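This report concerns only the one structure given below.
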Amino acid sequence: MAALAEMGYNIIRFYHEGYHDRHEGEFDEAFDAFVKERDIEICFSFNFYPAMARGCHRNGIRYVSLVYDSPMTNVFSYTITYPTNYVFIFDSVIAGRLRKGGISTVYYTPLCADVFTPPADADPRLMGTLAEVSFVGALYNEEHDFFDRMEMKLDDRTKGYLHGIMDSQMKVYGYNFIEDVLDGDILKKMYDALPYDPDFDGAQTMEYVYGNYFINRKITQLERKRLLSAAGEISDVSLFTLDKDARIPHVTNYGAVDYYSEMPYIFKGSKINLNITLRSIYSGIPLRAMDIMAAGGFLLTNYQEDFLRHFEPGVHFDYFESEGDMKDKITYYLSHEEERRQIAANAQNEIERAHTFKKRLEEIFGIALGTDN
């Protein structure tokens with residue numbers, strides 16, 4: 001909102017509890033009444049909502065959305081085809097898949113973050129080194145998640161197949177093949193064990209639904225625990241996550257932190273910030289990674305293709321391609337302080353140069369308003 005105000009926009013906030021609705025209903029009436037009473041030039045939301053797309057299309061208003069979540073089944077709604085849409089997706093693979101399918105209202109863009117500068121009266125205890133290696137994020141270990149609920153009802157052969165492809169995928173960075181190896185027989189057994197039907201207005205495949213909501217989420221749960229434990233074998237690892245009771249060997253769990261008042265200090269005060277990407281993000285740069293760099297923290301991430309579109313490894317960040325590679329790079333950067341600090345400073349400067357909220361919004365609003373050159 002601050003960036004939009006700086007760009008000269010008069011911002012009017014609208015909220016209705018039915019914004020998630022895929023069917024027409026009370027949201028539509030409330031939205032129509034709201035815009036008819038005001039001179040609305042453009043609507044904006046984080047993530048894409050079919051209800052918003054319908055409302056803007058009915059009223060002839062441009063709808064700009066910036067998608068930061070994954071998986072995001074809403075982008076497979078038929079409403080994404082409305083010519084009033086400008087949908088910016090942070091994962092180039094997903095954006096490319098939709099573009100190849102003839103959806104011209106979709107664009108790829110990386111996410112953004114504003115540079116963090118600690119206030120003058122910041123608590124001195126937050127200004128020094130707070131961790132050797134840290135990870136801030138979910139473990140996806142909620143009781144009876146989709147995969148676990150489904151697995152209880154599967155036969156041994158299907159269980160073995162699914163665990164085999166998950167073990168294989170965890171060894172591969174840069175390409176997600178889970179959807180490709182879910183054949184009809186396996187999908188039928190998964191569906192029979194735990195039915196999950198696509199939305200009525202969506203074109204997402206069963207491979208996408210089961211591959212991302214069931215399998216890739218489970219892979220991420222297993223992978224984050226495995227990598228954090230491995231990192232803890234060679235360094236002190238601090239975990240900041242919603243589940244304060246979660247236990248991982250060699251890792252200290254400090255529970256959740258506030259996104260605005262605490263997280264930037266952790267990123268800035270950690271010698272190494274790990275990013276272990278949710279596996280349903282095929283190529284995109286997660287928001288966590290942008291926030292780390294914006295805070296002046298050093299980022300060590302698993303390989304993601306889109307990083308190389310905007311940042312240079314060894315200059316702005318570094319990446320690992322296996323558990324062993326991660327451990328080697330943790331060891332290297334903990335013992336090369338000046339190089340680590342310079343990389344973190346370079347990254348923060350690059351965020352300020354090209355990836356602030358104002359710069360990103362200028363780019364996407366330029367496309368939506370036809371002023372982009």
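Listed values, structure above:
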{"item": "Loop-exposed trypsin sites (Lys or Arg not before Pro) per DSSP, neighbour cap 11 Cβ within 10 angstrom, longest uninterrupted part of the chain", "result": "39-170"}
{"item": "Accessible surface, segment 91-159, averaged per residue in Å² (probe 1.4 Å)", "result": "55"}
{"item": "The chain, relative contact order in percent, only Cα pairs under 8 angstrom and at least six apart counted", "result": "19"}
{"item": "Mean accessible surface per residue for segment 265-326, computed with a 1.4 Å probe while every protein chain stays in place, in Å²", "result": "25"}
{"item": "Shape call, segment 120-227: gyration tensor on alpha carbons, a/c limit 1.5", "result": "prolate"}
{"item": "Mean separation of Cα contacts under 8 Å (6+ apart) over length of segment 249-373, as relative contact order %", "result": "22"}
{"item": "Alpha-carbon centroids, segment 142-213 and segment 34-65: separation in whole Å", "result": "35"}
{"item": "Whichever lysines have a C-alpha closer than 23 Å to that of residue 159, once near sequence neighbours (fewer than 8 apart) are set aside", "result": "171, 188, 189, 218, 225"}
{"item": "Karplus-derived 3J(HN,Hα), 6.51/-1.76/1.60, for each residue of segment 253-260, Hz, glycine and proline x", "result": "9, 9, x, 6, 10, 6, 4, 8"}
{"item": "Global form of segment 36-171, assessed from the alpha-carbon gyration tensor, a/c cut-off 1.5", "result": "oblate"}
{"item": "Of all accessible heavy-atom area on the chain, the percent that carbon and sulfur account for (1.4 Å)", "result": "49"}
{"item": "Given charges at Cβ of Lys, Arg, Asp, Glu: segment 158-299 dipole, positive-most of 265, 221, 184", "result": "265"}
{"item": "Rounded if a/c under 1.5, otherwise prolate or oblate - segment 1-81, Cα gyration tensor axes", "result": "oblate"}
{"item": "Which labelled figure in [x] 60, 60, 36; [y] 59, 53, 42; [z] 66, 47, 35 is Cα extents along the principal axes in Å, once derived from the coordinates", "result": "[x]"}
{"item": "Long-range tail of P(r) for segment 248-304 (Cα pairs > 15 Å, %)", "result": "53"}
{"item": "Placed amide H near residue 279: partners under 5 Å, 5+ positions off or other chain", "result": "220"}
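The values are calculated or read from the model by the stated rules, or taken from the named source; none is laboratory data. Keep in mind the model is a prediction, meaning the values are calculated, not measured. All Cβ positions, glycine included, derive from the backbone under ideal geometry; neighbour counts span all protein chains shown. Heavy atoms of the whole protein, side chains included, go into the accessibility calculation; ligands, DNA and RNA do not. Shrake-Rupley method; radii C 1.70, N 1.55, O 1.52, S 1.80 Å.
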